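Remarks on the structure that follows.
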Amino acid sequence: MNRQIAILGSSGGNLYNLGGRDPLKLLDEILVQLKSAGLSCGALQFIAAEGSMDTATDRTPAKLYGWSVTQQQPIVVAEGTLQEVNQAAERLDLEIAEQIELAEIDGLIVMSADPEGCNRNAIAAAVKEKIPLTGTGGSSMAVIQSKGANVIAASGTTGTTNRTRAVAFATSLSKHWKLSYRPVIGQAAASAGAGDQAVSASPWRRISIRGIMMASLPGFIGMALILAASKIPGLSALSEVFDLMIKALPVILSVIAAKQISELDEVSIVAGIVAGVLSVEGGIIGGMIGGIGAGLIVHYVFRKCVEWRFPATTVNIVAGGISGLISGLIVYFLIAPVALAAGEGIRALIETLVSWNPAIAGLVAGLLIWPAIIGGVYHAAILPIVLLEMETTSNSFLGAVDMVGLVMVSAGITLANIISPRNKGEAAVAAPGFAINMGFGTFVEAAYPFMFSNKLVFAGAIASAGLGGMLVGLFGVRGTAYVPSFVGPITSNNTTGFLISMAASLLCSFLITVLANRLARYKSSSNTLGM
């Protein structure tokens, strides 16, 4: 039997700041969890005001959402001032009350409802028919309970999120009817649907070192920019900011890891922050381990708290706070020294390898960096090492090779196709890529169309990267990509050496690409004359 649920309420006062301002997202979370529990929405009356109900007036703009049976989704059924929308809501309230009396509605979900106003008829019908009711909103739920409603779970709104409320609603209803229900936690599971697919969405499968590193990269780049700014006369005080940002890096990775693994929005963010603060002594490896642990623990603690019918607010407090503490304390007392030593060991290994023959090391790194990024090795292996190097000084050997071997080479190829393209159409394609590479130190993929269509350009890219890498080793440069090209040398330990290395690889790739384009045009014109 597919039980029908009516969703009643408003964007509320406190709720407005905890998801109510985005009604479609709020409702979608509920619908996803209901589907996972084998329940359906049979009616909807949700008043969404453009402001908190604590300060709203009759003239506040608002919308009334109802349920479309044909489309099986929320739709706007009325729009205007809050007073006009309330009048429309009262008419919809009568319709839902009739559905309840006709046994077309089996249960209610209420959020910041108005049991004395816009929801009075539906609540009265629910009391009369004794259908189960669950919801949030401290004062409104108290009034509903006082009317004799069959409230199976109630909670305040403070500390809840769209997802945690939705899971709490579905859990209480499924337990009441003894239905099988596994919370859908995570975007992958949500998009896949409910049932068995939701069960397979294990948080362990969402652990991705590459994903965590990539998402955390802006924090490292921000640190590098602060370092560059601190070298400007009069801004030396920023060096203290740089030291502070280094300490914040483990927290950034911890939060990203916890958020990606548990996908519980604010709850996982809090857990990640708590774990990250306690994992600082372990460096970025310790922060990542702490965040991964927090993400895994918060996922399971959250589910257990919901199964034990904790109020939604309590679920968030326990899951977010306790999970972060458990993971963070484990890292603090047990893992931090090992993690810190591992990071230092990796950095020392790179320095040792480079010190044997810096020019050869740079040459090899340069020659391999294009095959690495094309083959998918760069983001999986090289980027994490770059970030480990940057953890202490904000620049790195491989970061410098990245800038000269990828960014500058791509810039040279695209510049050649702006000045001397094989055909006029390629100049328009190349211009944005050149601008982004020079202005942001990224988007090396802009060179792909030209490299993959011409073997000489491809070979020139690898040779130019090798030349730039060799010069990086020769000059002992440590730097980074992902920053504007004119900032790169400032962030390095050798401004002149980095400038020469960057200019050499850009010029080399530029000249080889110009030659390749002219040969291609000559060959094309020869074929045309031959015909």
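The values are calculated or read from the model by the stated rules, or taken from the named source; none is laboratory data. Just so it is clear, the model here is predicted, and its values are computed rather than measured. Methodologically, a virtual Cβ is constructed for each residue, glycine included, from the backbone with ideal geometry; neighbour enumeration extends over all protein chains shown. Accessible surface is based on the protein model in full, side chains and every heavy atom, while ligands, DNA and RNA are left aside. Shrake-Rupley method; radii C 1.70, N 1.55, O 1.52, S 1.80 Å.
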query: Between ALA103 and SER146, what length comes free when the chain is fully extended (0.36 nm per residue of separation minus the Cα-Cα distance, one decimal in nm)?
result: 13.2 nm
statement: Expressed in Å to one decimal, the Kirkwood Rh of the range 316-383 from all distinct alpha-carbon pairs is 15.3 Å
query: So for the range 201-253, what percent of the C-alpha to C-alpha distances run longer than 13 Å?
result: 63 percent
- prompt: Do you know the relative contact order of the range 238-310, to the nearest whole percent, from alpha carbon pairs under 8 angstrom that are 6+ apart?
  reply: 35 percent
Whole-number accessible area per residue in Å² for the chain, which is evaluated in the context of all protein chains at 1.4 Å: 42 Å²
message: Give me the mean projected area, in nm² to one decimal, of the convex hull enclosing the Cα positions of the range 269-414.
response: 11.4 nm²
- request: Using only alpha carbon positions, build the gyration tensor of the range 93-167, then give the equivalent ellipsoid semi-axes as the square roots of 5 times its eigenvalues, largest first, whole angstrom.
  value: 21, 13, 11
- request: Quick one: work out the % antiparallel among DSSP beta bridges in the chain, nearest 5.
  value: 40 percent
message: Could you tell me the relative contact order of the range 384-520? Use alpha-carbon pairs under 8 Å, at least six residues apart, and round to a whole percent.
response: 36 percent
Two-site label geometry, SER180 and ILE209: point separation in nm, points 7 Å out along Cα→Cβ: 3.7 nm
- prompt: Within the range 409-500, which chymotrypsin sites (Phe, Trp or Tyr not before Pro) sit in a loop by DSSP and count at most 16 neighbouring Cβ atoms inside 10 Å?
  reply: PHE486
- request: Would you please give the residues with an amide H less than 5 Å from that of GLY80, counting only those at least 5 places away or on a separate chain, with H modeled from the backbone geometry?
  value: ALA62
- line: Given (1) 26.5, 107; (2) 35.7, 118; (3) 29.7, 95 as possible values of Rg and Dmax of the Cα atoms in Å, the one from the coordinates is (3)
query: Which of GLY19, ALA103, MET53 sits farthest toward the positive end of the charge dipole of the range 1-105, with +1 on the Cβ of Lys and Arg and -1 on the Cβ of Asp and Glu?
result: GLY19
task: Report in % the part of the accessible area of the range 465-531 that belongs to carbon and sulfur, leaving out ligands and nucleic acids; probe 1.4 Å.
output: 72 percent
- request: Give me the distance in nm between label points sitting 7 Å out from Cα along the Cα-to-Cβ direction at ALA342 and ILE374, one decimal.
  value: 3.3 nm
message: Just want the answer: with Cβ charges of +1 for Lys and Arg and -1 for Asp and Glu, which residue in ILE30, PRO115, SER140 is farthest toward the dipole's positive end in the range 1-148?
response: ILE30
- prompt: Cα axis of helix 358-374 to longest principal axis of the chain: angle in degrees, 0 to 90, nearest 10?
  reply: 40 degrees
query: Which percent of the accessible heavy-atom area of the range 1-112 goes to carbon and sulfur, probe 1.4 angstrom?
result: 45 percent
task: Can you check what the Kirkwood hydrodynamic radius comes to for the range 294-353, Cα pairs only, in Å to one decimal?
output: 13.5 Å
Additional length obtainable on full extension of the chain from SER40 to THR496, 0.36 nm per residue less Cα span: 157.5 nm
query: Once you put a point 7 Å from the Cα of GLU95 and another 7 Å from the Cα of SER236, both along the Cβ direction, what distance in nm separates them?
result: 7.3 nm
- line: The helix 336-356 Cα axis meets the longest alpha-carbon principal axis of the chain at an angle in degrees, between 0 and 90 and rounded to 10, of 20 degrees
- request: Please return the longest stretch of the chain lacking exposed loop sites, where trypsin sites (Lys or Arg not before Pro) count only if DSSP places them in a loop and at most 11 other Cβ atoms lie within 10 Å.
  value: 179-531
task: Could you tell me what percent of the accessible area of the range 202-250 is made up of carbon and sulfur, with a 1.4 Å probe and every protein chain present?
output: 69 percent
- prompt: Where does the chain land at 222 nm, in deg cm²/dmol rounded to the nearest 500, when only DSSP H runs of n ≥ 4 count, each adding -39500 (n - 2.57), divided by all residues?
  reply: -20000 deg cm²/dmol
field: the chain: angle of helix 383-393 to the longest principal axis, Cα-based, in degrees nearest 10
entry: 80 degrees
query: Non-local amide H neighbours of ASN119 (under 5 Å, H modeled in plane, Pro and chain starts lacking H): which ones?
result: ASP114
message: Could you derive backbone 3J(HN,Hα) for the range 423-440 from the dihedral phi with the Karplus parameters 6.51, -1.76 and 1.60 (θ = phi - 60°), listing whole Hz in sequence and x where the residue is Gly or Pro?
response: 9, 4, x, 6, 5, 5, 6, 6, 4, x, x, 5, 4, 6, 4, 6, x, 10
